[in-house]
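Student: The following block contains the structure, expressed as structure tokens.
The values are calculated or read from the model by the stated rules, or taken from the named source; none is laboratory data. What you see is a predicted model; the values in this text were computed from it and never measured. Note that we place each Cβ from the backbone using ideal geometry, even for glycine, and neighbour counts take in every protein chain shown. Ligands, DNA and RNA are stripped out before the accessible areas are found, and what is left, the full protein with its side chains, is counted by its heavy atoms. Shrake-Rupley method; radii C 1.70, N 1.55, O 1.52, S 1.80 Å.
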Amino acid sequence: VVEGFGALTATSGELTICGVTFVAGDGDTKTQLVRKGGTVERPADPSRGDAQFGGWYTDKGCTRAYDFASAVNESITLYAKWVNRYTVFYKDGGHDKSTMPADEKVEEGKLASRPTDPTEDGWKFKSWHLNNDYKDNPFDFDTPITENITLYAKWAKTWTVTFDSNGHGAAPASQTVELNGKAVKPADPTAEGYVFRGWYTTAACTTEFDFN
């Protein structure tokens, strides 16, 4: 490896040496000397900040990928392709006891992966928003990422409605209901020798519950 050496071709008798120059950008340039007809060794992938290395190309515009299995018959210059990566930050929206997804690195123009909904006792996750006042529409995960963004979790308070069979038969499953939402009237329970008469808010069955 020759540091900072330009493209070259040298001939000595029957031996021809070609130079393969790797241009990674930001002044990072290295050259390998290769016998004509041989192949060049693929170098370790370079790194540059948050950018994603995308391979070696034969043109500056990075439209023609180089095949490292091909023979080197003349001195060539190869250019590193870089793809910008941005971060999608996930914030709990003030719910620090919730289970939050990890921040995600996304290539420019690609889509962020919709994470598993976070959870927190007593709350229901609703949606992700770009603004923490939640006045905007929920974030559309079909939107290409072109910059760093922060998504805030929107939550709704929930309550549990528990059904007690009052000593007769099996009770229906409990329901989790959003604040100001409505419980769903379950199928009537059965008990041999009894007729079900409704659901009440007290064990003495003095105040019937209105499912509306």
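Student: Taking Cα centroids, how far is the stretch 11-90 from the stretch 139-212 in Å?
Tutor: 62
Student: What number comes out for accessible area per residue over the chain if the probe is 1.4 Å? Units Å², please.
Tutor: Accessible area per residue: 65 Å².
Student: Given Cα positions, please report Rg to Rh for the stretch 61-121, the hydrodynamic radius being the Kirkwood one.
Tutor: Result: Rg/Rh = 1.31.
Student: In Å, the Kirkwood hydrodynamic radius of the chain over pairs of distinct alpha carbons?
Tutor: 23.7
Student: Whenever you get a sec, compute what percent of the accessible area on the stretch 151-199 sits on carbon and sulfur atoms (1.4 Å probe).
Tutor: Of all accessible area on the stretch 151-199, carbon and sulfur atoms account for 50 percent.
Student: List, in the order given, every pair from LYS135/LYS182; LYS36/LYS81; LYS30/LYS105; LYS126/LYS182; LYS81/LYS105 whose Cα-Cα distance in the structure shown is over 22 Å.
Tutor: Going by Cα-Cα distance, LYS135/LYS182; LYS36/LYS81; LYS30/LYS105 fall outside the 22 Å limit.
Student: While we're on this one: Charges only on Cβ, +1 for Lys and Arg, -1 for Asp and Glu: so what's the dipole of the stretch 46-196 about the Cα centre, in debye to the nearest 20?
Tutor: My answer is approximately 220 debye.
Student: State the dimensionless ratio Rg/Rh of the stretch 157-206 (Rg: radius of gyration of Cα atoms; Rh: Kirkwood radius).
Tutor: With Rh from the inverse mean 1/r over Cα pairs, Rg/Rh is 1.00.
Student: Something else now. Might you report the magnitude of the Cβ-based charge dipole of the stretch 93-140 about its Cα centre, with Lys and Arg at +1 and Asp and Glu at -1, to the nearest 20 debye?
Tutor: Around 140 debye, computed over the stretch 93-140.
Student: Filter the trypsin sites (Lys or Arg not before Pro) in the stretch 154-212 to those in DSSP coil with at most 12 other Cβ atoms within 10 Å of their Cβ, and list the result.
Tutor: Counting only loop positions with at most 12 other Cβ atoms within 10 Å, the trypsin sites (Lys or Arg not before Pro) in the stretch 154-212 are LYS182, ARG197.
Student: Using amide H atoms built 1.01 Å from N in the peptide plane, name the residues 5+ places from LYS126, or on other chains, whose amide H lies under 5 Å from its own.
Tutor: Those lying under 5 Å, H to H, from LYS126 are LYS154, TRP155, ALA156.
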